[in-house]
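Asker: Before I ask anything, here is the structure I am working with.
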Amino acid sequence: MDNKTKGIVATVASVILCGCPGLFFCIFGAFTASGNMPFNTELNGVSNSGTLPPTAGFVLICLSLIFIAIPIVVGFFTLRTKPAAAPDNNQPLPPAS
C-alpha cells in the first residue's frame, strides 16, 4: 500500500471518527448555548426538569471545533506533496575559462 492510499484511508477514518461527531457536537452545543435544551429526569419517583446551562453549550462548541479540525489536519499532512530535495552544494565548481 503506497503513501497516498494510506493518507486517503487515514483521512476517511478521521472524518468518520472525528468529523461527524464534531458536527453533531456543534449542533447540540448551539442548541444548548441558546438556552433551548430542556431536560427531564426521574429518580425513585421524584421528577425534575430544567434547561442545560449555556456554558455547557459553549464548551461543546469549542470541543466540536477541535474535532472538526482533526480531519483537516490529517488530510493536509497525509495528502500533501513533499517538496523536492535541495541540490547538493558541496560539489566543486567547474574551472573558469
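Please treat every number below as a calculation from the coordinates, not as lab data. A quick note: this is a predicted structure, and the numbers were derived from the prediction, not measured. In this analysis, Cβ positions are derived from the backbone assuming ideal geometry, glycine residues included, and neighbour counts consider all displayed protein chains.
Asker: So is Gly29 over 18 Å from the mean Cα position of the chain (by Cα) and free of Cβ contacts under 8 Å to residues at least 60 places away in the same chain or not?
Answerer: Numbers: over 18 Å from the mean Cα position of the chain (by Cα): no; free of Cβ contacts under 8 Å to residues at least 60 places away in the same chain: yes.
Judged against the criteria, Gly29 is not a match.
Asker: Residue under question is Phe77, and the condition is that it be hydrophobic (A, V, I, L, M, F, W, C), surrounded by 10 or more Cβ atoms within 10 Å (Cβ to Cβ) and either under 16 Å from Gly19 (Cβ atoms) or in contact with a Pro (Cβ under 9 Å, 6 or more places away or on another chain) (or both); does it hold? Steps first, answer last, please.
Answerer: Values: hydrophobic (A, V, I, L, M, F, W, C): yes; surrounded by 10 or more Cβ atoms within 10 Å (Cβ to Cβ): yes; either under 16 Å from Gly19 (Cβ atoms) or in contact with a Pro (Cβ under 9 Å, 6 or more places away or on another chain) (or both): yes.
Against the criterion (hydrophobic (A, V, I, L, M, F, W, C), surrounded by 10 or more Cβ atoms within 10 Å (Cβ to Cβ) and either under 16 Å from Gly19 (Cβ atoms) or in contact with a Pro (Cβ under 9 Å, 6 or more places away or on another chain) (or both)), Phe77 qualifies.
Asker: Restricted to the stretch 38-51, and to residues that are out of contact with any strand residue (DSSP E or B) (no Cβ under 6 Å at 6 or more places or on another chain) and touching a residue at least 12 places away in the same chain (Cβ under 8 Å), which residue is farthest from Gly22 (Cα to Cα)?
Answerer: Residue satisfying both the conditions and the ranking: Gly50.
Asker: Residues being assigned to a loop (DSSP other than H, G, I, E, B) and aliphatic (A, V, I, L, M): count how many of those fall in the stretch 54-90. Break it down stepwise before answering.
Answerer: Of all residues in the stretch 54-90, those assigned to a loop (DSSP other than H, G, I, E, B) come to 80-90.
Then keep just the ones that are aliphatic (A, V, I, L, M); that gives 84-86.
Counting residues in the stretch 54-90 that are assigned to a loop (DSSP other than H, G, I, E, B) and aliphatic (A, V, I, L, M) gives 3.
Asker: Give the stretch 15-47 a look and list any residue that's surrounded by 12 or more Cβ atoms within 10 Å (Cβ to Cβ) and at positive phi, or say none.
Answerer: Gly35 - this is the single residue of the stretch 15-47 that is surrounded by 12 or more Cβ atoms within 10 Å (Cβ to Cβ) and at positive phi.
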